[in-house]
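The values are calculated or read from the model by the stated rules, or taken from the named source; none is laboratory data. Everything quoted here is computed from the prediction, not taken from an experiment. FYI the Cβ positions are ideal-geometry reconstructions off the backbone, even for glycines, and counts take in every protein chain you see.
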Amino acid sequence: GADWMAGARGAADDPLGGLPVAGRPRLMMMRSVDTVGAREMFRARLMKSEEDFLGITGDSGDVVLDPEVAVGDTAMTFENVSFSAGDKVILKPVSGHYEPGNLVAIMGPSGSGKSTLLDILAGKKSSPHGGTVHFNGRPRDRLFQRMSAYVAQDDILPACLTVQEAVSFHASLKQERPSKFTTEMFEQRISKALEDLGLLGVKDSYIGDQSVRGISGGQRRRVSLACAFAHFPQIMFCDEPTSGLSATDAEACVKYMRLIAHKYGITILVVIHQPRVEVTKLFDELLLLTASPGRCVYNGPMSGLRQHCAALGRPVPPHANPADHIMDRITPGNPKSCEDAFVEHYDANGRPSIDVVVEQQLHHERSSAIEVLEAQHAKLAAFGSVPKLRGSKHGVRFRRQLVLVGTRQLTLYLRDKRGIVADIMISVGKGVILGLTYLDIGDKDALAQLGFFFMLMMATSIDGMKGIPKLITERRVMKMETSEALYSEWAYILPFTLLSWIQAIVSNTIFIFLLFSISSLQWPMFWDVWLWTTMLYLTMDSMFLFLSAVAKDASLAMVMALPFFMLFLLFNGFTVGRKTAPR
């Protein structure tokens, strides 16, 4: 469903101007068209690629680059990329170059540094590493995140969001929408993308997780791919996208990636673990690593793997899978292993030619990141005026981020009916139990009320602990989405804080109201008690939020909360006083 970005052709029979062929970007001004004309043109282009997408189910042949809809115009070059953890070498220097429109497999045994290499190329590795990564012959800059997409090994998606909402959320945040690109057209584009991936039948189903029933694992994997492709990236990085999928789902997943790579000129790098022969044939290029430490043993066309093995004196049997054959020979500890021979052969025969290509590409600068974005921006003008191109790493303005993220957070909160009911029941339970325990405490003297107020503070302060597991889960989603430059951290924190405060105020109001109703406290004191307990609730809730942000998991966050509670118990005014505190 990427045809809407194509703009319009400049031929005589089309009034909207021409589009650049991938690899030859050119900027142009396109005059806008009326809404009706844009809608008709959009529908026509939407249906144009229907036959191509039949290739996912094997009903049609391979596709070739379509200049009218091509969006990819970014070549990737990396030189001597390496990584070490202390004294342990994880990945020895690896170099390579890939032109737009290639589907590249990164394979190797466990411990070969496949995911490490992918993370370095995608800019996800924060630890120091060796080597350089260039795009179009230029060093990677802050705009790279707007041009790329990353699909993690785990599907990190909100469980209570529907399939269509998840894809729409990513598409809306990565690119400004033209003025005449109507909501109807946007929904059609999303529906077409879901249909292409076989997800149209579950578009209104929750994504789900262990506690929320949702779609299958294979469907969830395809949703992650749809979210990544929603903004038409120049390059995609996929970390084991077929992990945990059936053979049929894995093949369909790779077919989809091959389709969008070839049709739209997008470079896709995929870490994959020993695929079957039907899947192996779908890849254009192969970067093969051996382990202990990670070293390159092959970097070239997938079709040249048999010839490479034959040149080394280890030919692939006629009906064998070349990937299985070579993996047996480069896996340390395997009886058939001869990884050192493969490394030496590559260093002598393969690496020199790769180094020459890399050196040439590093001195051949093409379109910069801003120029590529400007070309995409110009295409959108076919559907009306578009906000000025931003030089930020985020695709849309902060106000737009705030609205979209806040709306999603509110939607997820309202759909978590069990959580809402649990919050209300906890507040009611606390109010009833504490009120009955201290029945008529309002009619007793101040000394008798001391224990009551101590328990009131304790009941208020520990309430926020129940939200730690949920905070840890949301943190994973937020970290993944902000690393993809979908939105800034503040666009998440502000609506999250507002929603948390509203929830705290409602819960505490129910609690204090029931408490006053049962315990015979003086009603003129209600607002004073409500104010101080609400402030205490928000303070302790902020502490739990801090612990959830720094702890590895929920259990560690709760353990870390214990010292803070000890300090609270000591210095809350009920235990240690001025006379007993050390001077």
### Task
Answer yes or no: is there a residue in segment 273-286 that is over 19 Å from the mean Cα position of the chain (by Cα), in a loop (DSSP other than H, G, I, E, B) and free of Cβ contacts under 8 Å to residues at least 24 places away in the same chain.
yes
### Query
Identify, please: which residue in segment 211-237 is out of contact with any helix residue (DSSP H, G or I) (no Cβ under 7 Å at 6 or more places or on another chain) and under 14 Å from Ala152 (Cβ atoms) and is, among those, surrounded by the fewest Cβ atoms within 10 Å (Cβ to Cβ)?
Arg220
### Query
Regarding Gly208, is this residue without any contact (Cβ under 8 Å) to a residue 24 or more places away in the chain and either out of contact with any strand residue (DSSP E or B) (no Cβ under 9 Å at 6 or more places or on another chain) or buried (at least 18 other Cβ atoms within 10 Å of the Cβ) (or both)?
no
### Message
Here's a check for you: in segment 151-178, which residue that is touching a Pro at 6+ places or on another chain (Cβ under 9 Å) and either hydroxyl-bearing (Ser, Thr, Tyr) or assigned by TED's automatic domain parsing to the domain that holds Lys125 (or both) is surrounded by the fewest Cβ atoms within 10 Å (Cβ to Cβ)?
### Response
Gln153
### segment 371-428, residues that are of a type in the set (A, V, I, L, M) and closer than 19 Å to Pro233 by Cα
Val372, Leu373, Ala375, Ala378, Leu380, Ala381, Val386, Leu389, Val396
### Task
Would you please list the contacts, defined by Cβ atoms under 7 Å and residues six or more apart or on different chains, that run from a residue in segment 64-81 that is outside the structural domain of Lys263 (by TED's automatic domain parsing) and surrounded by fewer than 20 Cβ atoms within 10 Å (Cβ to Cβ) to a residue that is in a loop (DSSP other than H, G, I, E, B) and at pLDDT 50 or above?
Leu65/Gly101; Leu65/Gly265
### Selected residue (criterion: surrounded by the fewest Cβ atoms within 10 Å (Cβ to Cβ)) from residues of segment 192-204 that are more than 15 Å from Ser224 (Cα to Cα) and modelled with pLDDT of 85 or more
Asp204
### Query
Where in segment 143-251 are there helices (runs of 4 or more DSSP H), lying fully within it, with 2 or more residues that are at positive phi?
none
### Task
Determine which single condition Ser367 fails, assuming it passes every other condition in (1) touching a residue at least 40 places away in the same chain (Cβ under 8 Å); (2) surrounded by fewer than 20 Cβ atoms within 10 Å (Cβ to Cβ); (3) outside any helix (DSSP H, G or I).
(2)
